[in-house]
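Accompanying notes for the structure given below.
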Amino acid sequence: MTTTKDLDQIERSATSSRNGTQTHTAAFRVSHILAPTDLSRESRKAVNSAMWLAQRFHAKLTLLHLYEMPGTFECAFGVPEPEILQQNKDRAELSLLALYDVIRAQHPNTEPLFRCGEPRTDISATARALGVDLIVISTHIYRWLRHVLEGSDAEQIIHNAPCPVLIVREMDM
């Protein structure tokens, strides 16, 4: 879990040692934070952490929800009617807007972003397109089969992200 002391150290200049020589690095500056959310209770902790950081750094906060259309596995049990799919999509968008209203009341420099896509690829692509400085995500206990076959979304995001990624673990929640 990240503490206030740790975050203060991020804000200050850091001195690191490489091969026995001291080098001075610039302070970590954050002007835009991306907080992807699946709108679950578990991901709310990461959104709250992102909001706290955005307040601390006076940064813009973007709340991102990527709505996933049913895939091949889900459709093996029957393809849902188009009206039901649209209702589910609309419900997700309304949930993002409700979360946005709550967060914006505490941090006005916040924007919602709703897109259809796949988290493992589209979070990094969105971060790149928006030019964000930090991604704050949560990690959940994934269905074991999906995790074994594909790895977690968090792992994929870390490997493809154009900026640092802060992961808020479920057990910290």
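So residue 9 ticks every box in (1) at positive phi; (2) at pLDDT below 80 but one. Which box is left unticked?
(1)
Test residue 154 against the stated conditions and say whether it is part of a helix (DSSP H, G or I), at pLDDT 85 or above and within 13 Å of the chain's Cα centre (by Cα).
Spelling it out, it is not the case that residue 154 is part of a helix (DSSP H, G or I), at pLDDT 85 or above and within 13 Å of the chain's Cα centre (by Cα).
Is there any pair linking a residue in the stretch 91-111 that is assigned to a loop (DSSP other than H, G, I, E, B) to one that is surrounded by 16 or more Cβ atoms within 10 Å (Cβ to Cβ), with Cβ under 8 Å and at least six apart or on different chains, and which?
Note: pairs meeting the criteria are 107/51; 107/54; 107/61; 109/54; 109/59; 109/60; 109/61.
Of (1) of a type outside the set (D, E, K, R); (2) in contact with a strand residue (DSSP E or B) (Cβ under 8 Å, 6 or more places away or on another chain); (3) modelled with pLDDT under 95; (4) assigned to a helix (DSSP H, G or I), residue 166 satisfies all except one. Which?
Condition (4) is where residue 166 drops out.
What number of residues within the stretch 49-68 satisfy the criterion of being part of a helix (DSSP H, G or I) and either more than 21 Å from residue 129 (Cβ to Cβ) or among the aromatic types (Phe, Trp, Tyr) (or both)?
Number of matching residues: 6.
Has the stretch 82-89 got at least one residue that is farther than 24 Å from residue 139 by Cβ, acidic (Asp, Glu) and modelled with pLDDT of 95 or more?
Within the stretch 82-89, none of the residues are farther than 24 Å from residue 139 by Cβ, acidic (Asp, Glu) and modelled with pLDDT of 95 or more.
Tell me yes or no: at least one residue of the stretch 115-128 is at pLDDT below 90, loosely packed, with under 14 Cβ neighbours inside 10 Å and either over 13 Å from residue 34 (Cβ atoms) or among the small types (Gly, Ala, Ser) (or both).
Scanning the stretch 115-128 turns up no residue that is at pLDDT below 90, loosely packed, with under 14 Cβ neighbours inside 10 Å and either over 13 Å from residue 34 (Cβ atoms) or among the small types (Gly, Ala, Ser) (or both).
The values are calculated or read from the model by the stated rules, or taken from the named source; none is laboratory data. Since the model is a prediction, treat every value here as computed from it, not as a measurement. Using ideal geometry, Cβ is built from the backbone for each residue, glycine included, and neighbour counts are taken over all protein chains shown.
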